[in-house]
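Enquirer: Submitted below is the structure of interest, expressed as structure tokens.
The values are calculated or read from the model by the stated rules, or taken from the named source; none is laboratory data. As the structure is a computational prediction, the values presented were derived from the model and not from experiment. As a convention, Cβ positions derive from the backbone with ideal geometry for all residues, glycine included, and neighbour counts pool all protein chains shown. For accessibility, only protein heavy atoms count, side chains too; no ligands or nucleic acids. Shrake-Rupley method; radii C 1.70, N 1.55, O 1.52, S 1.80 Å.
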Amino acid sequence: MRLPPAVILAGVARTLEEDVLPAVESRTARGLVFAALEMLANVQDLVEWRADVREEELASAAAALGDAAAQLEASGLTADAARVRDAVAAAARLPDREARGCALDAALEDVLVVADRERERPGIDAVHAAVRAHLVNQAVRDLMRAQRPLLNRISQG
Amino acid sequence: MLRRQPAAGLLEPYDTEPEFRVLAALAATPVRAPRVLWYERDPAVFERPFYVMELVRGTVPLPVMVDGKPVFDDDARARLGEDFVGNLAALHAVDWHAADLDFLGAPAPGTGAAARELARWEGYVARAGGPPRPLLTEAVLWLRRGLPATDEITLVHGDYRTGNFLVDGGRIAAIVDWEMVHLGDPMEDLGWACMTLWRGESPYMCHLLEREQLYARYEQRSGRRVDRARVHFYEVLATVKMAAIMLTGLHAFREGRTRDLRMALFDHQWAYMSVAIAQARGFL
């Protein structure tokens, strides 16, 4: 789950206008900042996160929850398994992709809480492992897409 | 050098007086820290409380490799690593009761130190709100059921790492950024220093010492045994704490309370945080 692009772009525009622009003295550079502001204002409500990337994440989460539900059932936790399957089905009916992601993440948390509560129960490790595998894969996927931070340049200006 | 209490930020609400009092007490110890001169509470002077300290000259190396090059060469690493451990051992040796630092609030005996820190950072996560973060939740659940007990309560810097010390003449001139100082388990500072975020792909904790070397030197300098299980607990807690700080910044940005784009960057840097949590939990 990430900040919506519109929130990020609006924040970038606000910073450019209120913090960067007052420090820019060159008329040419100021003109370019205004051009950037106009561009940001035009695109901010038209962009969204790439659907194929988000769908891959959602499919992975739903599959992990399916596995976890099966393992919960095998461990005798039938009611918990049913609740997880219901949550996945309810998430699938949500029209908004980000809302679906939120619902699936909440269901993943629910499974982790059950696994923690039932940690002495035989077979519960498989429940935890199903969710864990998805979370680790997701972390690695996110890392592969992340750009190397510019911490040194940000701190030194 | 004047440090004014921030109006808002990652660790709000702020109170700079505790760190001032700690820094004042540290003047009588071997810990290298800025000497503070006075504290002003009156908002009529600069709107918010502030304190004045002596200027410490030096540079602040950041825990980030540039173009794959090590942050320190071997000589610098050896010198600074020794200073890093020596200052930490000296900090943990401070008799905080004799130094009138009881006001920081000693945690309850046993699991009190771990419970208090976990509750503190869980509170930040809860206040930040936002969508569910299952990997973070998993780490919190693990921490809750494994609170370590200790009878050792010391001053804890709370953010002891490369990036929070000044280097001058090849030595650590001063440890800075004392805003998270508190009384707690000394293993907490070791766990924080061992977090992967401060070393990236380097085998050296904080780009200074290998893990076992850090433990061995700390044991030698402090006379205290390093409890690996406690350090591991605090290393996992360190990731929760860092996540809480990032989520607090994101929350402020989302709400439009800050124009600082570094807060928004936490959204993309969350990938690094997730991997750090997974590594600390032993999943990667």
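Enquirer: List the residue pairs whose Cβ atoms are under 6 Å apart, where the first residue sits in the range A:3-23 and is over 18 Å from A:Q44 (Cα atoms) and of a type outside the set (D, E), the second is open to solvent by less than 60 Å² (accessible area, probe 1.4 Å) and assigned to a helix (DSSP H, G or I), and the two are 6 or more positions apart or on different chains.
Expert: That search, which allows pairs on different chains as well, returns A:L21/A:V33.
Enquirer: Out of the residues in the range B:49-79 that are open to solvent by less than 70 Å² (accessible area, probe 1.4 Å) and in contact with a Pro (Cβ under 8 Å, 6 or more places away or on another chain), which is nearest to B:V31 (Cα to Cα)?
Expert: B:V56
Enquirer: Could you please let me know if A:R153 is open to solvent by 80 Å² or more (accessible area, probe 1.4 Å), of a type in the set (K, R) and assigned to a loop (DSSP other than H, G, I, E, B)?
Expert: Against the criterion (open to solvent by 80 Å² or more (accessible area, probe 1.4 Å), of a type in the set (K, R) and assigned to a loop (DSSP other than H, G, I, E, B)), A:R153 does not qualify.
Enquirer: So which residues in the range A:133-147 are within 9 Å of chain B (Cβ to nearest Cβ) and open to solvent by 80 Å² or more (accessible area, probe 1.4 Å)?
Expert: A:M144, A:R145, A:Q147
Yes/no per residue for (1) open to solvent by less than 50 Å² (accessible area, probe 1.4 Å); (2) in a helix (DSSP H, G or I); (3) hydroxyl-bearing (S, T, Y):
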| site | (1), (2), (3) |
| --- | --- |
| A:F34 | no, yes, no |
| A:W49 | no, no, no |
| A:A68 | yes, yes, no |
| A:L72 | yes, yes, no |
| A:E109 | yes, yes, no |
| A:V113 | no, yes, no |
